[in-house]
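Here's the structure we're looking at; comments come further down.
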Amino acid sequence: MKSAKFDGEKISVIQTQKPLLDSQGAIIKVLGCGLCGSDLVKIKHKDKTAILGHEVVGIIDEINVFDDKFKKGDIVSLTHHYPCFECDFCKNESYSMCRTFKSSNIYPCGFSEFIKIDKNHLQYTVYKMNTDLKEDEMAFLEPLACVIRAIRRSGLVYNNDNSKKSALVVGLGSIGLLMLKALKAFGAETFGFDISSNRTDLAKKHGFSFREDKKFDIVFLCAGSSKSLETALNLVIDGGKIVVFSSIEKDDIGFNNNEIYYRELSIIASYSPSVEDIKLSSELLNSKKIDVKNISTYYNLDNLACAVDDSLNNRVFKAYIKI
Ligand SMILES: [Zn+2]
Ligand SMILES: [Zn+2]
């Protein structure tokens, strides 16, 4: 079968063995896989150990876990990590810090014709998808789950009345746009900011704008630039919250200590989703309460390197790799 390989310099598509179902789990015939910002960061950092592709959509091809949840032929979307639920991190609800979470993955990688997943994936990270959705829409299961976790960590609760809370998303790439849509689904008063007029125009088309005269209760940082930290500090209310949801290029630049102290700001980080967030993500996508139509651009697996290049150079908004 075909599978993508990254040697630290370039991405190629190689022929390799189809994975065997040699333990409890399933083989997924991959229909396609979203290209994530975190894949791009790993490529930029020449991380040759990276397992690229985790926003997988596929069909269950073989399965040896027999319950009433899944069967051969089901169309599913899935994510790559699951926690152990037993360690101190898990007990503290820091699921994405769990060592099992960090070491669990799909095999060999999302940009492959077939992948092997294990029984814990089936239990925690795989969802049957509404077949009215297009594949690229189904592939938002994982990114939307990440966004939901960030919103929940900011203190907003789904189905509560959040209409008195104002939220600002800084950085309106595909994940920022998803954050806007999810905040709206949570019922918060939602605004978006970006330095690029292309991105603010696109956000406007989706119904989101910016207000110059306002400060915001919660600011979500979805931009990979140190400049966005300053923007967040300028636009958050005194006593407000900043949710860090992106890495930045330079590690040595951080938030101004005295601004945080004298203005009593809360700086919160959110990384990856918990199992509960993946569940809510599947519900919001399948019920179409969050619409992710026409966000992605399709590429073939053979053109993965081109999709990466186009994404790194902002020529596309979000790439979906059709396998
Ligand atoms: Zn992702
Ligand atoms: Zn754990």
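Residues that are within 13 Å of the chain's Cα centre (by Cα) and outside any loop (DSSP other than H, G, I, E, B) within segment 159-182 comprise Ser174, Ile175, Gly176, Leu177, Leu178, Met179, Ala182, listed in sequence order.
Evaluate segment 6-22: report whether one residue or more is on the phi < 0 side of the Ramachandran plot, more than 21 Å from the chain's Cα centre (by Cα), away from ligand 1 (no atom under 16 Å from the Cβ) and hydroxyl-bearing (Ser, Thr, Tyr). Yes. Within segment 1-21, the set of residues being in a loop (DSSP other than H, G, I, E, B) and in contact (Cβ under 8 Å) with a residue 24 or more places away in the chain comprises Met1, Asp7, Gly8, Glu9, Lys10, Thr16, Lys18, Pro19, Leu20, Leu21.
Among residues of segment 156-179 that are at positive phi, none has a beta-carbon under 6 Å from a residue that is surrounded by fewer than 20 Cβ atoms within 10 Å (Cβ to Cβ) at least six positions away or on a different chain. When the residues of segment 43-57 are filtered to those that are in contact with a strand residue (DSSP E or B) (Cβ under 8 Å, 6 or more places away or on another chain) and not in a loop (DSSP other than H, G, I, E, B), the one that is nearest to ligand 1 (Cβ to nearest atom) is Glu55. Would you check which residues across segment 58-79 are free of Cβ contacts under 8 Å to residues at least 40 places away in the same chain and in a loop (DSSP other than H, G, I, E, B) and list them? Matches in segment 58-79: Phe66, Asp67, Asp68, Lys71, Lys72, Gly73.
Residues in segment 83-94: is at least one among the polar types (S, T, N, Q), within 16 Å of ligand 2 (Cβ to nearest atom) and assigned by TED's automatic domain parsing to the domain that holds Asn300? Taking every residue of segment 83-94 in turn, at least one turns out to be among the polar types (S, T, N, Q), within 16 Å of ligand 2 (Cβ to nearest atom) and assigned by TED's automatic domain parsing to the domain that holds Asn300. Got at least one residue in segment 259-269 being crowded, with 20+ Cβ neighbours inside 10 Å and either hydroxyl-bearing (Ser, Thr, Tyr) or closer than 21 Å to Arg153 by Cα (or both)? Yes; the residues of segment 259-269 include at least one that is crowded, with 20+ Cβ neighbours inside 10 Å and either hydroxyl-bearing (Ser, Thr, Tyr) or closer than 21 Å to Arg153 by Cα (or both).
Per-residue answers, yes or no, for (1) of a type in the set (Val, Ile, Thr); (2) surrounded by fewer than 14 Cβ atoms within 10 Å (Cβ to Cβ); (3) within 24 Å of Asp201 (Cβ to Cβ):
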| residue | (1), (2), (3) |
| --- | --- |
| Gly239 | no, yes, no |
| Ser247 | no, yes, no |
| Ser282 | no, no, no |
| Asn294 | no, yes, yes |
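The values are calculated or read from the model by the stated rules, or taken from the named source; none is laboratory data. The structure presented is a predicted model; accordingly, all values stated were derived computationally and were not measured. Please note: Cβ atoms are built from the backbone with ideal geometry, for glycine as well, and neighbour counts cover all protein chains shown.
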